[in-house]
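To keep things clear, I will list the structure first and then write my remarks on it.
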Amino acid sequence: MKVLITGGNGFVGINIINEIITNTDWEVVCYINKNSNNIPNNIEKIYDLKTAVSFDIIIHAGGDPSSKSCIDNPKNGLMHNINFTFEILEYARLNNIKKIIFLSSCEVYGHPTEKSSETDTLVSYNMYGASKVACEHMCSAYYHSYGISTTAIRLINTFGPFCQEERFPSIIKNKFKTEEIPHFILSTQTKKKWLDIQEMARRIIFIAKNMQIGFDVFNFVGDENMSLIDLIQKLSNNQPFTYEFFKNDIHGYHHEGNANGNKFLEFYNLQNNK
């Protein structure tokens, strides 16, 4: 299988690449706008889709991954998410590529809860969520108009290697590196189901191998139900730390969130039992 991955120098993309090159014989090409030391040297990189050839599947992990970035500058959601996804869909249409995996977000539910499922009405509370809603709707339109099958993956509460510096899992690791006894200011005591990004990548490969015709959506939800304190403890290597709670509201952003991941688990079990 020949795979085009967008955003291969980002948190999600690089973990998908590493999982593919470790556990499959697929040929991987990265479409990126700038080079990164994160991407292995033996992976082909392209900077213009005009230089690309046909692929069996596109894994579209590129775009602006930050809610805060899109709140601070709404144009980021338009330029880096909506316009970029349109570019990828058009490339697929013009080159007769019939399979896309699109990395979306559970922020399409607004304030997701453990009951948020793939059949819920979508709600936009910030431009990041709105951009993901728009991208999913474009993917659905391109299936119904041009026969390009897309599976949208709604991620929530991910952590692991190459995590963005501004996200809390990276803040935890950096504070333990630089402070003798780190002190954390936490926004919530609620437990959330955290998803290891390497497990996410394994699921992406499973979806690619078992992709169905049509437009479909899966929540990717983790198995580890942890509070922020639990997450700090998990990443601490038994180092001491202190913490306090402080409500730090960002208009349009919700610190808490879970989703229902049963649909993917049912699909996984069904495919494995064939």
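The values are calculated or read from the model by the stated rules, or taken from the named source; none is laboratory data. As the structure is a prediction and not an experimental result, all values here were calculated from the model. Here the Cβ is made from the backbone with ideal geometry for all residues, glycine too, and neighbour counts use every protein chain on show. These accessible areas exclude ligands, DNA and RNA; they are computed on the full protein's heavy atoms, side chains included. Shrake-Rupley method; radii C 1.70, N 1.55, O 1.52, S 1.80 Å.
How much FRET efficiency would the formula 1/(1 + (r/R0)^6) give for L94 and N174, where r is the Cβ-Cβ distance and R0 is 41 Å, rounded to 0.05?
0.40
Of the chymotrypsin sites (Phe, Trp or Tyr not before Pro) in segment 173-274, which ones lie in a loop per DSSP and count no more than 10 other C-beta atoms within 10 Å?
Sparse-neighbourhood loop chymotrypsin sites (Phe, Trp or Tyr not before Pro): F246.
Antiparallel DSSP bridges in the chain: what percent, to the nearest 5?
Just about 10 percent of them are antiparallel.
In whole Hz and in residue order, list the ³J(HN,Hα) couplings for segment 195-204 that follow from phi through the Karplus curve 6.51 cos²θ - 1.76 cosθ + 1.60, θ = phi - 60°; x for Gly and Pro.
My calculation for segment 195-204 gives 10, 5, 5, 6, 5, 4, 5, 4, 5, 4 Hz in order.
Please list the non-local residues whose amide H lies under 5 Å from the amide H of E114, H modeled 1.01 Å from N, same-chain partners needing a gap of 5 or more.
Counting only residues 5 or more places away or on other chains, the set is N258.
Once amide H atoms are built 1.01 Å from N in the peptide plane, which residues 5 or more positions from E224, or in another chain, come under 5 Å H to H?
Here W194 satisfy the definition.
Take the chain, connect every pair of alpha-carbon atoms lying under 10 Å apart with a spring to form a Gaussian network, then pick out the residue of C163, C30, C139 with the largest mean-square fluctuation.
So, out of C163, C30, C139, the one fluctuating most is C163.
For segment 43-128, which trypsin sites (Lys or Arg not before Pro) pass both filters: DSSP loop (anything but H, G, I, E, B) and at most 15 other C-beta atoms within 10 Å?
The qualifying sites are K115.
Using the Karplus curve 6.51 cos²θ - 1.76 cosθ + 1.60 with θ = phi - 60°, work out ³J(HN,Hα) for each residue of segment 83-95 in order, rounded to whole Hz, and write x for Gly and Pro.
Result, ordered by residue: 5, 5, 5, 4, 4, 5, 5, 5, 4, 4, 4, 6, 10 Hz.
Within segment 1-94, list the chymotrypsin sites (Phe, Trp or Tyr not before Pro) lying in a DSSP loop whose Cβ has at most 15 other Cβ atoms in a 10 Å radius.
Passing sites in segment 1-94 are W26, Y47.
Quick check: pseudo-label points 7 Å beyond the Cα along Cα→Cβ at E166 and H144, how many nm apart are they?
Roughly 3.5 nm, to one decimal.
Straight-line reach only, C-alpha to C-alpha below 15 angstrom: list the aspartates and glutamates that K68 could link to, leaving out same-chain residues fewer than 8 apart.
E107, E165, E166, D249, E256
In sequence order, what are the phi-derived ³J(HN,Hα) couplings for segment 11-17 according to the Karplus relation 6.51 cos²θ - 1.76 cosθ + 1.60 with θ = phi - 60°, rounded to whole Hz, with x for glycine and proline?
Per residue, the Karplus-derived 3J(HN,Hα) values read 3, 6, x, 5, 6, 5, 4 Hz.
Among the listed pairs K132/K274; K34/K263; K45/K98; K132/K192, which are separated by more than 27 Å between their Cα atoms?
From the list (K132/K274; K34/K263; K45/K98; K132/K192), the Cα-Cα distance tops 27 Å for K132/K274; K34/K263.
Would you pull out the residues with amide H under 5 Å of F215's amide H, same chain only if 5 or more places away, H placed 1.01 Å from N?
So F215 has HN proximity to T150.
If I ignore ligands, DNA and RNA and count only protein heavy atoms, how much of L270 is accessible to a 1.4 Å probe, in Å² to the nearest 10?
Estimated to the nearest 10 Å², L270 gives 110 Å².
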